[in-house]
Amino acid sequence: MTKSRSGLAAAFPAATELHDPLLEVVDLATSFQTPRGLVRAVDGVSLTLARSRTLGVVGETGSGKTVLIRSIMGLLPRHGVQRSGKVIFAGRDLGALGERDLRRVWGTEMAMVFQDPMTALNPVVRIGRQLTESLRLRAGLDRKAAIETAVALLESVGIASPRERLRSYPHELSGGMRQRVMIAIALACGPKLLLADEPTTGLDVTVQAQVLDVLGTQQAERSMAMILVTHDLGVVATRADSIAVMYAGRVVESASTAVIFDSAKMPYTEALMRSIPRLDAPPGARLAAIPGRPPDLTTVPTGCAFAPRCAYVTERCIHETPPLTESAPGHYHACWNPVGSPEGEQAFSTNLAKGVMAAVEIAQREVRK
Amino acid sequence: MSEQALLSVENLVVDYGRRHRRVQAVSGVSFAVPERQTLGLVGESGSGKSTTGRCVSFVQRPTGGTVRFAGTDLSTLPARELRRARTKLQMVFQDPISSLNPRRKVIDIVAEPLAIWGGVNRKEMMRRAADMLEAVGMDPAVTGNRRPGELSGGQCQRISVARALMLEPALLVCDEPVSALDVSVQAQILNLLTDLKERYGLTMLFIAHDLAVVKATSDRVAVMYLGKLCELGPVEDLYLSPQHPYSAALVDAVPVPDPRRPVAGPPLSGDMPSPADPPSGCRFRTRCPFAQDICAIEEPPLEEIAPGHLVACHFPTSSR
Ligand SMILES: Nc1ncnc2c1ncn2[C@@H]1O[C@H](COP(=O)(O)OP(=O)(O)O)[C@@H](O)[C@H]1O
Ligand SMILES: Nc1ncnc2c1ncn2[C@@H]1O[C@H](COP(=O)(O)OP(=O)(O)O)[C@@H](O)[C@H]1O
Ligand code: SF4
Ligand SMILES: [Mg+2]
Ligand SMILES: [Mg+2]
C-alpha cells in the first residue's frame, strides 16, 4: 500500500505538488474607489505556486501586477479598497489572519522586493542597521550574531567589502547595489516565498543580470518559492518554471515556461514575445510593436480587453468575454481565436485582407522577415 | 570617413568638481558619425554617456577636446550664431514624463521651439505642431489639448521626439529614450525613431545601456566604460564577435526570450569603480576575466583590428 502510493507520487510529481502548494490564490479581486470611478485593478485571478518554484507574472504597465502582489501580501490601503477571493499560504487563509499575525508572516515567511528600493529603504539609516534590525527583531539574534549574519547576507548577494558597506547610507550605493541590499533584507529571515515586483526594471542590463543571478542562486540554496514580476518576457524565459500573463487585471494565459514560449495561444502573449528587441534579429528588421496601450481599468469594455489591439480580433471578441479555459493540461488561455488554431488562422488572414490596423502592423513585419 | 562626417568628436574630456573632488566623467573620447547614420553609444550608468551626449548637442561645454558639426567647431562661433546653430542639434531624454512641462498643453509643448525662434505666426505654429504630432503617431485633435500627466510614458516620449524635431534638426541625440518604457512600448518608439530618421534624413547619436535596443536602431556602435571607449564598430560585427571583454559582457547580459538557451555564464562580476579613482592601465581590468599584469600597467590604445572596427584591449577575443 505504502509502496504503491509512492509509486504513484513518482509517476505524478506534478499532482502531488498541486496537492500541497505553498501558495494558492483563488479568484482574487481588488478594486479601488477613485474620483474617476471604480478601478478594477485585479479582476478574478487564481494562481498556484509549489514550494521552491518560480512563477513569472508578466504584463505591461497598468495590468495589475503590483496590486496582485500587494493583495497576496495583504499590503493594501485601508480605505477605498474592495477585496474578495482567497489567499492560502502554507495552509493558512491569510484573509482570516489579524493584523498582528499577518505581520508575523511578513518578513519571516513571505518577503517582498520592490521595483524602487529607495521606497523601501530608510534613507537616513545605515544599511547595516536596517539589516540587523530585522534580524534581531524577527530572528531574535543578538547584536553580534546579527552583524555577522548581515555580513554573510551582503556577501551572498555579491556586495564587495560587506563589513565596510554596513556603514553606508542607501544613497551612497548604486541602483544595482541598493537592489541587492533590498534582496539581502528580504532574505534575512529565510522566507519561504519571495515576491519580487519588477526587481530589475530601470537597472542596466548588466546589473539586471547580476540581480537575477543573485535571486536565482539564493532561491536554489534556500529552496524558496518566488513570484517574479516583470514587463519583459525575456527576463523570465530562463528563470521561471511557469508564467502567468496578465492583461487588464486578469490572467489571460498561463502555462509552464516552455509551453508559453513554444506554443502561446493568446495573441497578447505572442505580441509581447515579438516586441522584445533581439540581438540575433536580422539587420534592419523592424520590431513588432503592440499598437496602442492597455485599457483604462475604470472602463474595461465588455468582450476581450485586448480586442482593440489584437491582430486576431473578430466580432465575437468585442461582444463576449473569453473565459480562461484549459486547452491542454496546465495550459490556460482566454481567447476566442487562439494563435495556431483554425479560428485564429482564419481571423488573422481575414484581418490581414481587410487591413485592420492592428493586423496590418503584424503583417508588415511578417513580410519583411 | 571623418571628412564627410556630420558630427566628429575628438579627444573629448569632461571634468566635474574641483581639486580632490574632481571626477573625470569623459577621458579622451573620439568618434565620428557620417551624415544620415546612427551611432549607438552603450555602457553602464556612470560611464559618461549622457555627458558625452550633452557635449555633442552643445548643452554643455567640454573641459577639453573638440566637437565639430558639419566641419565647424561650434565653440568658435560668436554667441548669436552658436544659438542658431544649436537649433540643428536636438536632444531627447530618458525620463519622458519629467522632461515635459506638466502645466502646458501637449500642442504648446510641441510648438514651443517655434515660439522661441519666432518667424512664424501662431496659426502656422499650431499647424506645424499638429503635423508633427501626426508624424509621431498621435492624433492632435485628441491629445493636443491634454497635459503630460494624462498621458502614458510612451506617449510622452513621442511628444519629446515631436518637440525635438520642430526646428528641423540635422542631428538628434537620444539619451536612453526607451530605458524607462515597457518592452512593448519600447518597440513602438524604436520603430518611430527609425521611420523619422528616414523621413527627415536625421543623423543620430543613440544612447542606451542595452545592446539589443541599440542594434534595432544603429549602424555602428561605440561601447563606453568609465569615461573611455572600449570598442567601436559596425553593429553586426560587435554582437557577432565582440572583441572587448566588456562588449562581450554586454552581449551576454541581454535577456534572450528562449527558455532553452543556456544561461550565458556568470554575469559581469563586481561594480563599476568610482570615476574619481579609476583603475590604472585598462579601466576594465578590475572586472575583466582575462586581465594580466600588463593590463594594470599599460593603457591599451584604441586600435583598428579590422576595417572600421576599433578595440582597446591587450587581449581582444580574436587574439585569445
Ligand atoms: N492605491 C490605488 N488607488 C487607485 N488606483 C490604483 C491604486 N494602486 C493601483 N491602482 C491602479 O490599478 C491599476 C493596476 O496598477 P498596478 O498593479 O500598479 O499595475 P502594474 O504593476 O502592472 O503596472 C492601475 O490602473 C493603477 O492606476
Ligand atoms: N553635473 C554633474 N556633476 C558632477 N558629477 C557628474 C555630473 N553629471 C555626471 N556626473 C558624474 O559623471 C559620471 C558620468 O555620468 P553620466 O555622463 O551621467 O554617465 P551615464 O550617462 O553613462 O550614466 C558619473 O560618475 C556621474 O556621477
Ligand atoms: S483574438 Fe479576440 S479574444 Fe483573442 S486576444 Fe484577440 S481580441 Fe482577444
Ligand atoms: Mg507595478
Ligand atoms: Mg545617462
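Label-to-label distance, A:Val125 versus A:Ser327, with points set 7 angstrom from Cα along the beta-carbon direction: 4.9 nm.
Shown for chain B are the DSSP H helices of 15 Å or more along their axis, judged by Cα atoms, with a mean Kyte-Doolittle hydropathy of at least 1.0: B:106-117. Ignoring solvent entirely, what values of log10 I(q)/I(0) come out of the Debye formula for region B:51-188 at 0.09, 0.10, 0.18 Å⁻¹ when each Cα is a single scatterer? At q = 0.09, 0.10, 0.18 Å⁻¹ the computed log10 ratios are -0.29, -0.36, -1.04. The mean number of partner chain beta-carbon atoms within 10 angstrom of a residue's beta-carbon across peptide A:268-275 is 3.
Across region B:37-46, rounded Karplus estimates of 3J(HN,Hα) from the backbone phi angles (6.51 cos²θ - 1.76 cosθ + 1.60, θ = phi - 60°) give 9, 10, 9, x, 10, 10, x, 6, 4, x Hz, Gly and Pro being marked x.
How large is the Kirkwood hydrodynamic radius of region B:162-295, in angstrom, based on all distinct alpha carbon pairs? Walk me through the intermediate numbers first.
Details: mean 1/r = 0.0594 Å⁻¹.
Kirkwood hydrodynamic radius for region B:162-295: 16.8 Å.
Could you estimate the translational diffusion coefficient of region A:264-368 from the Stokes-Einstein equation, with Rh from the Kirkwood formula over C-alpha pairs, at 37 °C and 0.692 mPa s, in whole µm²/s? Kindly include the intermediate steps, with their values, before the conclusion.
Numbers: Rh = 14.5 Å.
My calculation gives 226 µm²/s for D.
The mean accessible area for residues of region A:264-368, using a 1.4 Å probe and ignoring ligands and nucleic acids, is 49 Å² per residue. For chain A, dividing the convex hull volume of the Cα atoms by the residue count gives 175 Å³ per residue.
For the pair B and A, the buried accessible area comes to roughly 3600 Å² in total, with a 1.4 Å probe and the value rounded to the nearest 100.
Compute the FRET efficiency between A:Met118 and B:Arg146 as 1/(1 + (r/R0)^6), taking r as their Cβ-Cβ distance and R0 = 35 Å, and round to the nearest 0.05. After rounding to 0.05, the efficiency reads 0.75. Remark on region A:218-254: accessible area falls by at least 10 square angstrom from chain-alone to full-complex state for A:His231, A:Asp232, A:Gly234, A:Ala237, A:Thr238, A:Arg239, probe 1.4 angstrom.
Taking B:Ile305, A:Ile72 and ordering them by how much accessible surface each has at a 1.4 Å probe, largest first, produces B:Ile305, A:Ile72. So if I take the centroid of the Cα atoms in region B:144-162 and the same for region B:163-225, what is the distance between those two points in Å? Using only Cα atoms, the two centres lie 17 Å from each other. At 1.4 Å probe size, with the rest of the protein present, what percent of the exposed accessible area of chain A is carbon and sulfur atoms? The value for chain A is 54 percent carbon and sulfur by accessible area. Region A:96-138 and region A:240-254 have Cα centres separated by 27 Å.
Each Cα pair under 8 Å and six or more residues apart adds its separation to the average, and for chain A the resulting relative contact order is 17 percent. Between A:Arg83 and A:Glu345, residue separation times 0.36 nm minus the direct Cα-Cα distance comes to 90.4 nm.
Extension gain, B:Glu10 to B:Ser274, is 92.6 nm, computed as 0.36 nm per intervening residue step minus the present C-alpha separation.
Heavy-atom surface analysis with a 1.4 Å probe gives region B:170-291 a carbon and sulfur content of 53 percent of its accessible area.
Please give the average number of partner chain Cβ atoms lying within 10 Å of the Cβ of each residue in A:55-63, rounded to a whole number. Spell out each step's value before the answer.
Numbers: counts 0, 0, 0, 1, 2, 7, 7, 2, 1.
The per-residue average across the peptide is 2.
Here's the list of lysines a cross-link from A:Lys354 could span, going by alpha-carbon distance under 22 Å and ignoring same-chain residues fewer than 8 apart: A:Lys369.
Once Rh for the protein assembly as shown is found with the Kirkwood sum over Cα pairs, what is the Stokes-Einstein diffusion coefficient at 4 °C and 1.567 mPa s, in µm²/s? My calculation gives 48 µm²/s for D. In this structure, the amide hydrogen of B:Val173, modeled 1.01 Å from its nitrogen in the peptide plane, lies closer than 5 angstrom to those of B:Gln90, B:Met91, B:Val92, B:Leu205, counting only residues at least 5 positions away or on a different chain.
Relative to the longest principal axis of the C-alpha atoms of chain A, give the angle of the C-alpha long axis of helix A:127-139, reported between 0 and 90° and rounded to the nearest 10°. The angle comes out near 80 degrees.
The values are calculated or read from the model by the stated rules, or taken from the named source; none is laboratory data. No experiment lies behind these values; they were computed from the predicted model shown. Quick reminder, even Gly has a Cβ in these numbers, built from the backbone with ideal geometry, and neighbours come from all protein chains shown. Quick note on the areas: whole protein, heavy atoms, side chains included, nothing else; ligands and nucleic acids left out. Shrake-Rupley method; radii C 1.70, N 1.55, O 1.52, S 1.80 Å.
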